[in-house]
Amino acid sequence: MTNKIYITSDFSSSLWMFNLSLAEIKKIKKQFPQIELILINVDNKRLNINDKTIIYWGTRINSTILKKLPKLKWIHFGSVGTDKIRLNDLKNKKLIITNSQNINTYSITNLILMYLFDINRKILINKKPFSSRKEYEKQFHLTKDIEHSKILICGYGNISKSLIKIFDKLNLNYEILSNQEIKSKKIKFHKYKNLSNIIQNYDIIINNLSSNIETQEIFNNDIFNKIRIDASIISIGRLNVFKTSDLNKFFRKNSNASLYIDLPEKEISQKGLLGMNKLDNVYISPHIGGYSKSYWDNEVQLFIRNLKLFLSNKRLINIVNQNKRNFS
């Protein structure tokens, strides 16, 4: 009889995006009859975790869970961000860490595009339904014609590259902020160190930066003092790239500026963000950038491919470099 391979997953939730269905579990077990897949709900105070687990699959592993898994060999995140595990937690542990990079690229791109077109119409950010065209025209002076706007895309990962393809087709005027060494005659690139010298040139700023030592609080008071007072900012992902108190101050002071941001609900209550969700020029969505009808098909396919590689002692897809973590 083949030895059992124990997999623990935290995809047990009432929320569709975080719930692994029985149909999907059956699909995996059909290919790998030797596995035992155990679902846990990390919201429970008592975590009944099998200490024989060698694979952890989910989004919410932490140091408490990690201590209960002495035989763990591989962690697969169902998201791009891997900051649920700190580097200190992994010292002296030879763990493989993979993420789900690429499977949410188009869904996040779609959310950014929705925000971008709202800059042109101001329907979402108004929050209240207009009762008449006269009411709508009171806000119309705040709209921007995106085809005549100058756009700064911050970051040069998969999402930014996806946007670039669309922007080129729409003939939009954009430039890139990135520290990557990229040679391109078509695209104008700027390094992080030049941000304070160029930020005043843009009507729209799209933040797709990963959060790391280089980008942490790169948008601070010095930068906000130079951003146009009617600028629009779109931000998807972690907040670490902003000094939140300065972000809050800028949008309280400049009512003609607009902010579209996708955040977990618990982050809205952070001290630096208090009250921002009540501002007329701020629109906050509840961290839905990764939502896609195809998410579970793509996620299960990726996990199955990686599980085959893992059992064959081959290199896995989307291995995360632990010395240069991805927090986006």
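Remarks
- Considering only residues in segment 111-154 that are exposed (fewer than 14 other Cβ atoms within 10 Å of the Cβ) and among the polar types (S, T, N, Q), the one that is modelled with the highest pLDDT turns out to be S132.
Yes/no per residue for (1) at positive phi; (2) in contact with a Phe, Trp or Tyr (Cβ under 8 Å, 6 or more places away or on another chain):
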{"position": "K144", "(1), (2)": "no, no"}
{"position": "E147", "(1), (2)": "no, no"}
{"position": "G155", "(1), (2)": "yes, no"}
{"position": "N158", "(1), (2)": "no, no"}
{"position": "K169", "(1), (2)": "no, no"}
{"position": "S178", "(1), (2)": "no, yes"}
{"position": "K186", "(1), (2)": "no, no"}
{"position": "H190", "(1), (2)": "no, no"}
{"position": "S211", "(1), (2)": "no, yes"}
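- Subset of segment 244-294 that is among the acidic types (D, E) and out of contact with any Phe, Trp or Tyr (no Cβ under 6 Å at 6 or more places or on another chain) - its residue that is farthest from L15 (Cα to Cα): D280
- Looking across segment 146-171 at every residue that is more than 25 Å from D230 (Cα to Cα) and of a type in the set (S, T, N, Q), the one that is nearest to the chain's Cα centre (by Cα) is identified as N158.
- Residue among S196, S235 that is over 22 Å from the mean Cα position of the chain (by Cα) and of a type in the set (S, T, Y): S196
- Scanning segment 145-162 for residues that are touching a helix residue (DSSP H, G or I) at 6+ places or on another chain (Cβ under 7 Å) and under 13 Å from I205 (Cα atoms) returns I146, K150, I153.
- Residues that are touching a residue at least 24 places away in the same chain (Cβ under 8 Å), within 30 Å of N120 (Cβ to Cβ) and charged (D, E, K, R) number at least 2 in the following helices (runs of 4 or more DSSP H) confined to segment 227-328: 244-253.
The values are calculated or read from the model by the stated rules, or taken from the named source; none is laboratory data. Only a predicted model underlies this, so the values are computations on that prediction, with no experimental measurement involved. Positions of Cβ are backbone-derived with ideal geometry, glycine not excepted, and every protein chain shown enters the neighbour counts.
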